[in-house]
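Only one structure is covered here, and it is reproduced in the block below.
The values are calculated or read from the model by the stated rules, or taken from the named source; none is laboratory data. As the structure is a computational prediction, the values presented were derived from the model and not from experiment. Here the Cβ is made from the backbone with ideal geometry for all residues, glycine too, and neighbour counts use every protein chain on show. Remember, those area values only see protein heavy atoms, side chains included, never the ligands or the DNA or RNA. Shrake-Rupley method; radii C 1.70, N 1.55, O 1.52, S 1.80 Å.
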2 protein chains.
Amino acid sequence: GWARAVRGLLLDVSGVLYDSGADGGVPIAGSAEAVRRIKASGLKLQLCTNETQATRENFVRKLRALGFDVSVAEVTAPAPAACRLLRERGLRPHLLVHDDLIPEFAEVDKTNPNCVVLGDAAENFTYANLNEAFRLLIGMEKPVLISLGKGRYYKETDGLKLDVGAYMKALEYACDVQAEVVGKPAKTFFESALAELGVPAEQAIMIGDDIVSDVGGAQQCGMRALQVRTGKYRPSDENHPQVKPDAYVNNLAEAVDIILQHL
Amino acid sequence: GWARAVRGLLLDVSGVLYDSGADGGVPIAGSAEAVRRIKASGLKLQLCTNETQATRENFVRKLRALGFDVSVAEVTAPAPAACRLLRERGLRPHLLVHDDLIPEFAEVDKTNPNCVVLGDAAENFTYANLNEAFRLLIGMEKPVLISLGKGRYYKETDGLKLDVGAYMKALEYACDVQAEVVGKPAKTFFESALAELGVPAEQAIMIGDDIVSDVGGAQQCGMRALQVRTGKYRPSDENHPQVKPDAYVNNLAEAVDIILQHL
């Protein structure tokens with residue numbers, strides 16, 4: 001029954017459309033064709049990603065080069081959401097992010113920082129850089145730490161990689177603060193993605209490879225959620241103590257097959 | 001009343017005897033003289049440190065150069081305690097530690113690692129090195145993570161520095177494991193230090209600058225504990241929700257003044 005009355009899909013990207021990597025990554029078999037079939041069916045589609053290693057423009061360029069028919073407007077990502085939050089609250093960030101993400105913050109005042117924004121900085125997570133972020137936070141009367149997602153790790157073509165959540169925990173512990181997460185699994189982030197999708201939660205399905213961030217987060221917003229057995233999926237996810245997807249599918253192509261049969 | 005019936009002192013080192021730093025550090029005023037007065041008084045003395053940036057031999061060499069009359073036998077430090085634990089349990093470590101600590105593990109079998117040992121690796125905490133430790137752990141059926149202390153940060157001559165505890169939290173979160181801490185505030189570590197001091201807990205006082213690791217840890221072993229207002233001490237420590245020292249002192253010299261008056 002999970003496939004009935006669907007009008008739109010939110011898709012995680014890394015591990016669902018492709019496996020990322022230094023080489024630009026490789027598409028997951030059948031996923032580019034699945035995206036085309038979704039669009040041809042009239043279903044609405046929005047990519048809902050915690051990707052913070054590139055601007056949305058460059059991210060979409062990469063996905064198009066891999067054969068995915070997607071546009072910038074179809075991407076909901078943490079950096080633009082963080083920029084809105086910074087503006088609303090008059091926050092001036094110190095950025096500890098990937099070099100390629102910095103242009104997303106071009107319009108934001110970064111002088112005399114009164115908060116730290118943490119992204120998936122990868123090689124920029126040096127001891128010196130993390131220590132600089134730590135010193136700024138510990139020097140604030142009320143430290144504000146904003147984390148672009150809180151993923152534990154992700155899978156690249158050459159293996160698993162530590163994600164931003166690990167470094168968020170390091171700074172939370174060192175500074176005795178609680179980070180504010182902008183990105184999955186935050187409810188406000190899924191709500192933004194649904195607004196951009198233009199479909200209410202009850203008529204949308206989230207498809208992802210992360211049992212907590214994708215599946216658990218979407219279900220808490222009243223959506224159905226599927227876990228694919230691609231990307232960082234591990235068989236032990238199926239025994240997760242808190243989260244149970246509405247269904248498992250082998251990959252995006254299989255999910256789309258089933259959903260289209262029920263239209 | 002806190003200064004009565006004392007037969008031995010456990011002293012934290014960084015922030016109590018000296019402030020560490022790339023330049024070798026600088027002694028805290030009056031501390032070298034205080035160590036001499038402790039020894040002249042007949043009180044027993046043991047340094048109880050979470051220092052893991054050097055072998056005990058080099059650590060003592062540095063302290064002697066700064067004017068402290070101390071010997072290797074008077075130092076209780078995490079690395080030798082970790083070596084005992086590794087031997088007892090047949091564990092073969094992958095080391096993510098400071099280069100200068102590696103000789104402490106010379107006798108330990110490090111082939112085909114079945115655990116990760118984490119120390120205050122400082123500049124060695126690169127993304128690549130942390131990711132390597134993460135991959136080893138996540139690949140183990142039952143990951144074993146041993147952390148040499150769990151300090152949040154410490155003070156060097158050029159400012160505050162992130163300590164091993166922050167990186168321990170990062171790996172705990174990424175791998176969904178709980179680290180085993182060897183060092184303060186672990187009870188077994190204080191018990192080793194007391195055994196080396198040769199004085200029962202009720203007759204010993206711990207003196208440190210860390211409200212949780214030094215003061216809280218020692219009190220849980222039945223010792224009295226003082227917090228000095230040197231090193232990483234911050235006024236907000238005096239409002240700590242869980243831990244209250246038996247007394248505050250401005251520095252080690254003041255503590256020793258008071259204790260010697262009560263002998």
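General observations
- Label-point separation in nm, A:SER236 to B:ARG229, each point 7 Å along Cα→Cβ: 4.9
- Across peptide B:150-162, the mean count of Cβ atoms from other chains lying within 10 Å of each residue's own Cβ comes to 3.
- Other residues lying with their Cβ under 10 Å from the Cβ of B:LYS44 contribute a combined charge of 0, Lys and Arg counting +1, Asp and Glu -1.
- Comparing B:GLY217, B:GLY25, B:GLY139 in a Gaussian network model of chain B where C-alpha atoms under 10 Å apart are linked, the largest mean-square fluctuation is found at B:GLY139.
- Per-pair calculated FRET efficiency, R0 = 35 Å: B:GLU191 and A:GLU88 via Cβ, rounded to 0.05: 0.10
- With Cα atoms defining each centre, region A:217-251 and region A:150-203 are spaced 16 Å apart in the structure.
- Surface analysis of region A:80-181 yields an accessible area of 42 Å² per residue, using protein heavy atoms and a 1.4 Å probe.
- Modelled this way, with points 7 Å down the Cα-to-C-beta line, the labels at A:GLN178 and B:LYS244 are 2.6 nm from one another.
- Rounded to the nearest 20 debye, dipole of the protein assembly as shown from Cβ charges on Lys, Arg, Asp, Glu: 760
- Helical content of chain A, expressed as a calculated mean residue ellipticity at 222 nm, amounts to -9000 deg cm²/dmol (DSSP H runs of 4 or more residues, -39,500 (n - 2.57) each, divided by residue number, nearest 500).
- Cβ neighbours within 10 Å from other chains - mean over A:169-180: 5
- Remark on region A:118-149: accessible area falls by at least 50 square angstrom from chain-alone to full-complex state for A:TYR127, A:PHE134, A:ARG135, A:ILE138, probe 1.4 angstrom.
- Once the Cα-Cα distance is subtracted from the 0.36 nm per residue extended length, the B:ARG36 to B:THR111 segment shows a gain of 22.6 nm.
- Accessible area buried between chains A and B, both sides summed, probe 1.4 Å, in Å² to nearest 100: 2800
- Solvent-accessible area, 1.4 Å probe, carbon plus sulfur percent, for the protein assembly as shown: 47
- Along the axis of the charge dipole computed for chain A (Cβ charges of +1 for Lys and Arg, -1 for Asp and Glu, origin at the Cα centre), the listed residues A:VAL117, A:ILE259, A:LEU148 are led at the positive end by A:ILE259.
- Within the listed set B:ASP12, B:ASP100, B:ASP163, the residue fluctuating most in the Gaussian network model of chain B (springs between alpha-carbon atoms under 10 angstrom) is B:ASP100.
- Among the GluC sites (Glu not before Pro) in region B:64-134, those placed in a DSSP loop whose Cβ has at most 16 other Cβ atoms within 10 Å are B:GLU107.
- GNM top mover of B:VAL75, B:VAL97, B:VAL108 - chain B, alpha-carbon springs below 10 Å: B:VAL108
- Each residue, A:ARG61 and B:HIS262, gets one label point 7 Å from its Cα in the Cβ direction; the gap between the two is 7.0 nm.
- Degrees between helix B:252-261 axis and first principal axis of chain B (Cα, 0 to 90, nearest 10): 50
- For region B:13-92 and region A:84-132, distance of Cα centres in Å: 39
- Charged-residue dipole, Cβ positions (Lys, Arg, Asp, Glu), chain A about Cα centre, Debye nearest 20: 500
- Ranking B:THR230, A:THR52, B:THR126, A:THR188 from most to least accessible surface, computed with a 1.4 Å probe over the protein chains only, gives A:THR188, B:THR126, B:THR230, A:THR52.
- Anisotropy class of region B:77-176 from Cα gyration tensor, a/c 1.5 cut: oblate
- Dipole size of region A:80-181 about its Cα centre, with +1 on Lys/Arg Cβ and -1 on Asp/Glu Cβ: approximately 320 debye, rounded to the nearest 20.
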